[in-house]
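To start, the structure under review is shown below, and the notes come after it.
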Amino acid sequence: MSGIETRRRRGVGESVLRPDGTLKVTGEFAYSSDLYLADMIWGVTLRSPHPSAWIRSIDVGPALAMPGVYAVLTHEDVPGAKFYGLDRRDQPVLAVDQVRYQGEPVALVAADHPERARRAAEAIVVEYEVREAVTDARRAAFDASCPTVHESGNLVRHQPIRVGSAFEAPVVVTGEYEVGMQDQAFLGPESGLAVPAEDGGVDLFIATQWLHSDREQIAPCLGLPEEKVRLSLAGVGGAFGAREDLSMQVHACMLALRTGRPVKIVYNREESFYGHVHRHPARMRYEHGATRDGGLLYVRAEILLDGGAYCSTSPAVVGNAASLGVGPYEVDNVWIDAYGVFTNNPPCGAMRGFGAVQACYAYESQMDRLAEACGISPVEVRIRNAVSQGSVLATGQVIDSPAPLAEMLRELAAMPLPVSDASGGSGGSDLLNMPGGVSQTTHGEGVRRGVGYGVGIKNICFSEGFDDHSTARVRVELIGGEPHVLVHTAAAEVGQGLLMVQEQIARTELGIDAVTVARADTSVGSAGSSSASRQSYVTGGAVRAACEAVRERLAKLTGDGSSLVEALERAGAVEETREYRHRPTFPLDPFTGQGDSHTQLALCVHRAVVDVDVELGLVKVVELAAVQDVGKIMNPLALEGQIHGGSAQGLGLALMEEIQVRDGLVLNPSFTDYLIPTILDMPPMRLSIMECPDPNAPYGLRGAGEPPTLSSTPAVAAAVRAATGLRLPRVPIRPHDIALEG
C-alpha cells in the first residue's frame, strides 16, 4: 500500500530469536516464583495425608496462637462459592466435610515468613475418619459394589464409537496395554502473588495457561464480580497442561483479601506433585481384524482412563481418546468404548497429547502385532492402511486437508540408520554410548539393537463444539518519531515461543520492524488456553485479523501519497481489536460417536533406534528420526525445538516417567525419584518437516507442539521390543520388565 514500508524483516517463516530467550538463558528472566513486594506475607496450604476420609473436626487455634501468623482459613472462610472446576464445579476450594485424594487442600495459613507459615500449618489439628479408598479404575467403572467417589457415581464419561457391523477377519490380533501416570514435570513450581486493591478487588500475578478461565472460576469463589478480579501473567516456567486447572489462585486471593496484605504462595517440588493434575493412566484392550495382506477390516477397543478424584478435563480427554482411538488408518468397522472414571487417586487432566497419547500407544502396538501376523514390515502395514486427504475417520469426519501419511512413512524409512558395531550395539570405548552410561554396568556383552516405528494423529484446537476463539488488540503509533506496533492479547506464553510468533505476524502484516507484545492480562478479551497446540492458529489468526484492520486504516491515511510517519503525525495512534474463531465443531453423538468434532488434525511419524542390554534391562536410545507435516513453518528454529521437546516427553513416557501410586498414595513426589530425560538421555534427532498447507488455517499452519509426543512413545517401545523379542505391553518400560521377563 502507498507510503507504508512493506519489507518483511524478521517475519513469518524466519528463524527469529525469541524476545524472552536471552533472559531465560542468562538467568535474568523473572518467573512467578521471583515475584516480590516489600510488604508481602507468605501463604502455605495444609493438605490431606489420606486419599479418602471424612473430616470430623479442624482446630486452627494452635496455628493462630503462633507469632507472625496473620490468618488461618478453612472452608468456612470461603467468601463465595465453595467449589470450582474447568468442566464441572466439583472441586472444593478447601475440603468441606471430606477429602478425596492425598494432597487435597484443607486449610490455609498466612504468616510473615514462609517457614513460620509452614510450622503454623503443621500445628493445625485435623481429625480424620479414614475410609476405603477407591483406587482401581476398572472396579470403579464396572463393579456395582464399589464405593462411589462422588454422589453422582464413578463414571465421568462414556463415549462409544460405532461404525459398521462386520467384525470377522482371517487375521486377528489382540492385546491389553497400560500407560502409567505421567507428570508434566515443569521446572517452575506453582506460584503467584495476590495484591488486595483499594476497590475491594484483587490483582493476581500468576503463572497459568488460561487467564480468563482462571478469573471465571476465582471470582465466584471470592464473591466478587469478574471486573474486580484482575489477572496478569507472570513468568511461566513450563506448563504442558498442568496449569490449565487452578492450584493456589483462589487461596492466595483469599489470604490477601482477609489480611489486607499482598500474599505470595510458592509450592516446593513435593507440593507441586500434589498440587496439579497429571496424565490419565490408562488400561486398554484392543482387537484388530485384517486381511492376510494386512488390510484393516475392523477395530474393537476398550479404553479406560483413570481421572482421579475430580473432573478437570476428563470428559474432553475421553472424547479425544475415543475419536482418535483407531489412529490415522482407514477402517470400515469400529467398535470403541472409552471411559473416564473417578477414583481416589491423584486428579488427572490435561497433558501434552490429551487422551490421544494413551490410545496411540495401544493402536501402534497393535499395528506392529498385525505386521508380524501378516509377515510384512511395520512400515508397510502402516502405509497400506494410511489415511489421506478425503479419508473418513471413525467419527464420520472427512479429512479435508492434506494428510500425506504414506509419503511421510516412506521418507522416514528411507532415512539412513546410525552405524552399529559388530555386537549390534553402539559399542566403542565411550561408555556414554552404552546402555547404563558411565555407571559401567555393561561393556556390550548383552547389548542388542532394535528399530521401531510410531505414527500419531492429534486434533488441534478445542473440539466438540467449544466456542474456541481469541482476541487481539493491535496499535500503531509513533515512538521517537518512528512507527511502532503494540500487540496485546491474553494468550499465555508458557515457553512455546508465542511472543515471538505474535511479533513475526505483526511484522509480516504491517511491514513495521519495531514490534512489542504487551504482557498478557485480563484487560483484553480472552485468548483461550495455551493448550491443544492452538495458540499459533487461534491467537495468530486474531493478531493477523487485527493487523489487517489496522493496515486498511493506514492505507486510507496514506492514500494521498503521504508517508506513514506523516499520516501518524496527523492522525495519532491507530488501534483495532479483532476476535478470531476457527470453523465450528460439533459434539460427538453420545450413542454412535459420529460428528465433525475436530477443527484440524496433525500427523507425526517417528523411528527409534535403541540399544538394549537384554540381561540388565538397560536401554540407550541411539537416535530418533521424525517426519512431521506442519502446514506452514512459522519459525524453523522454534519448530525444531517443539519437535525435540515433544519427542523428549514421549521418550520419557516410554522408558522412565511414572508417578508411582499405591493405595492412593504417591510414592515418588520428587525429581530424585520421578525421573525425566536429561541431555544424556536424549539422542541425536533427524528431522524432516513438510509443509502441506491447511486451507482453513491462518497461513495454512498446523499446530505442531503435541504430535511428536504421541508417536515417539510407541516408536521407542517398538524398538525395545525388536531388540528383546518381548511383548512389553506397558509403558514406561522398566529395567525389570526386560530383565525378568527375558
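The values are calculated or read from the model by the stated rules, or taken from the named source; none is laboratory data. Everything numeric here is computed off the predicted structure, so don't read it as measured data. Cβ sites come from the backbone with ideal geometry, for glycine too, and all protein chains shown count toward neighbours. Ligands, DNA and RNA are excluded from the accessible area calculation, which covers all protein heavy atoms including side chains. Shrake-Rupley method; radii C 1.70, N 1.55, O 1.52, S 1.80 Å.
Couple of notes before you dig in:
- Euclidean distance between Cα centres, the stretch 274-319 to the stretch 631-685, Å: 20 Å
- Around Gly201: net Lys/Arg minus Asp/Glu count, Cβ-Cβ under 12 Å: -2
- Among Val621, Val419, Val172, the sequence by solvent-accessible area, most first, with a 1.4 Å probe is Val419, Val172, Val621.
- Loop-resident sites, the stretch 561-617, for trypsin sites (Lys or Arg not before Pro), counting at most 12 other Cβ within 10 Å (DSSP): none
- Local net charge near Pro346, Cβ-Cβ under 14 Å (Lys/Arg +1, Asp/Glu -1): -4
- Mean Cβ neighbour count within 10 Å, used as a protection proxy, ranking 290-300, 275-285, 121-131 highest first: 275-285, 290-300, 121-131
- By a 1.4 Å probe calculation restricted to protein chains, Tyr674 has an accessible surface near 0 Å², given to the nearest 10.
- Carbon + sulfur, % of accessible area of the chain - ligands and nucleic acids excluded, 1.4 Å: 51 percent
- For the chain, the relative contact order comes to 17 percent (Cα pairs under 8 Å, sequence separation of at least 6).
- Secondary structure note: in the chain, about 80% of the DSSP beta bridges are antiparallel.
- The stretch 80-165 shape via C-alpha gyration tensor axes, a/c threshold 1.5: prolate
- Eligible lysines near Lys228 by straight Cα distance, threshold 22 Å, same-chain separation 8 or greater: Lys82, Lys264
- The stretch 169-282, relative contact order [Cα under 8 Å, separation at least 6], %: 40 percent
- Measuring between their Cα centroids, the stretch 110-161 and the stretch 197-229 lie 26 Å from each other.
- Leu233 exposes around 20 Å² of accessible area when a 1.4 Å probe is run over every protein chain in place.
- Taking every DSSP bridge with both residues inside the stretch 165-288, close to 75 percent are antiparallel.
- The stretch 168-248: GluC sites (Glu not before Pro) in DSSP loop, at most 16 other beta carbons within 10 Å: Glu168, Glu198
- Solvent-accessible heavy-atom area per residue, rounded to whole Å², over the stretch 1-99 at 1.4 Å: 53 Å²
- Rg and Dmax of the stretch 118-191, based on Cα coordinates, read 21.4, 68 Å.
- For Lys620, the aspartates and glutamates whose Cα comes closer than 17 Å to its Cα, not counting residues fewer than 8 places off in the same chain, are Asp421, Asp430, Glu445, Asp611, Glu657, Asp681, Asp737.
- In the context of the full protein assembly, Thr592 retains an accessible surface of approximately 50 Å², using a probe radius of 1.4 Å and ignoring ligands and nucleic acids.
- Bridgeable aspartates and glutamates around Lys556 (alpha carbons under 18 Å apart, same-chain partners fewer than 8 residues away excluded): Glu5, Glu477, Glu509, Glu548, Glu566, Glu569, Glu575, Glu576.
- Environment charge at Arg581 (Cβ cut-off 11 Å; Lys +1, Arg +1, Asp -1, Glu -1): -1
- Shown here for the stretch 36-116: chymotrypsin sites (Phe, Trp or Tyr not before Pro) in loop regions (DSSP other than H, G, I, E, B) with at most 15 other Cβ atoms within 10 Å, namely Tyr36.
- Oblate is the label for the chain, because the ratio a/c of its alpha-carbon gyration tensor axes (a ≥ b ≥ c) is 1.5 or higher and a/b is not greater than b/c.
- Between the stretch 15-86 and the stretch 475-498, the alpha-carbon centres lie 31 Å apart.
- Percent RCO, i.e. relative contact order, over the stretch 445-577, from Cα pairs under 8 Å lying at least 6 residues apart: 33 percent
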